[in-house]
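Peer 1: Below is one structure. I have some questions about it.
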Amino acid sequence: MKTAIVYESTHHGNTKKLCDAIAQKFDVQLFDINDNVPSLDEYDFIGIASGISFGKFYKNILEKTSEFLPENKKVFFIFTAGSPRESHADAVKKIAELKNCKCLGSYFCKGFDTYGPFKIMGGINKNCPTEDDLKKVLEFYEKITQA
Ligand SMILES: Cc1cc2nc3c(=O)[nH]c(=O)nc-3n(C[C@H](O)[C@H](O)[C@H](O)COP(=O)(O)O)c2cc1C
């Protein structure tokens with residue numbers, strides 16, 4: 001079983017912390033969307049991970065998902081946001097479904113956010129993702145890949 005996670009985590013590296021936690025414990029290859037993403041044909045599971053901007057995964061990773069994601073893969077989503085909610089993955093999920101991929105679920109949690117007015121107050125969710133979030137994303141990964 002081979003897993004790749006393609007991520008974009010440009011605001012504070014919040015989402016990358018979740019990806020790094022998975023890659024430290026499991027045999028998972030991480031690819032930054034801003035580097036060259038190789039062919040992912042050989043991977044069985046593909047994670048797509050991002051911070052949230054205006055209610056969706058970042059524009060760059062959304063646009064490139066249809067290029068890097070092969071058809072018929074098992075996919076999962078990881079994201080952090082100021083106020084995360086399940087629907088933040090709707091747009092990326094739609095792209096994956098158009099590729100006949102099987103969507104296994106999402107893990108999301110709060111991330112440090114200094115966007116707009118939050119900057120003046122020093123940001124919100126200062127210690128997020130927390131140690132507990134890092135533990136929970138491992139449980140999520142284990143559950144979806146061993147189902
Ligand atoms: C331009 C911009 C727009 C954002 N829009 C949202 C949003 O619509 N909803 C939300 O909950 N958080 C929003 N955020 C907060 C980020 O999603 C949050 O800080 C996230 O953890 C950043 O992840 P990253 O550090 O991995 O890039 C926004 C942040 C930025 C910089």
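Peer 1: Only residues that are among the hydroxyl-bearing types (Ser, Thr, Tyr) and at pLDDT 95 or above: list them for the range 60-78, please.
Peer 2: Listed by number, the list holds a single entry, THR65.
Peer 1: Related question: Of all residues in the range 100-111, how many are within 11 Å of the ligand (Cβ to nearest atom) and open to solvent by less than 50 Å² (accessible area, probe 1.4 Å)?
Peer 2: Residues meeting the conditions: 2.
Peer 1: In the range 81-91, is there at least one residue being open to solvent by 50 Å² or more (accessible area, probe 1.4 Å), under 20 Å from LEU138 (Cα atoms) and not basic (Lys, Arg)?
Peer 2: Yes, because at least one residue in the range 81-91 is open to solvent by 50 Å² or more (accessible area, probe 1.4 Å), under 20 Å from LEU138 (Cα atoms) and not basic (Lys, Arg).
Peer 1: Now, a different point. Being open to solvent by 80 Å² or more (accessible area, probe 1.4 Å) and basic (Lys, Arg) is the filter here, so list the residues in the range 19-72 that pass it.
Peer 2: Across the range 19-72, the qualifying residues are LYS25, LYS56, LYS59.
Peer 1: Can I ask one more? Output the qualifying pairs, or none if there are none: Cβ atoms under 8 angstrom, residues six or more apart or on different chains, first residue in the range 111-131 and of a type in the set (A, V, I, L, M), second residue exposed (fewer than 15 other Cβ atoms within 10 Å of the Cβ).
Peer 2: Going by the 8 Å Cβ cut-off, the qualifying pairs are ILE124/PHE118.
Peer 1: Shifting gears a bit: In the range 117-133, which residues are open to solvent by less than 40 Å² (accessible area, probe 1.4 Å) and either within 23 Å of LYS74 (Cβ to Cβ) or not polar (S, T, N, Q) (or both)?
Peer 2: Across the range 117-133, the qualifying residues are GLY122, GLY123, ILE124, CYS128, PRO129, ASP133.
Peer 1: Considering the range 1-38 alone, what residues qualify as being more than 16 Å from the ligand (Cβ to nearest atom) and farther than 16 Å from SER106 by Cβ?
Peer 2: MET1, LYS2, ALA4, GLN24, LYS25, PHE26, ASP27, VAL28, GLN29, ASN36, VAL37, PRO38
The values are calculated or read from the model by the stated rules, or taken from the named source; none is laboratory data. Treat the numbers as computed from the prediction; the structure is a model and nothing was measured. Ideal geometry is used to build each Cβ from the backbone, glycine not excepted, and the neighbour counts take in all protein chains shown. These area figures cover heavy atoms from the full protein model, side chains too; ligands, DNA and RNA do not enter into them. Shrake-Rupley method; radii C 1.70, N 1.55, O 1.52, S 1.80 Å.
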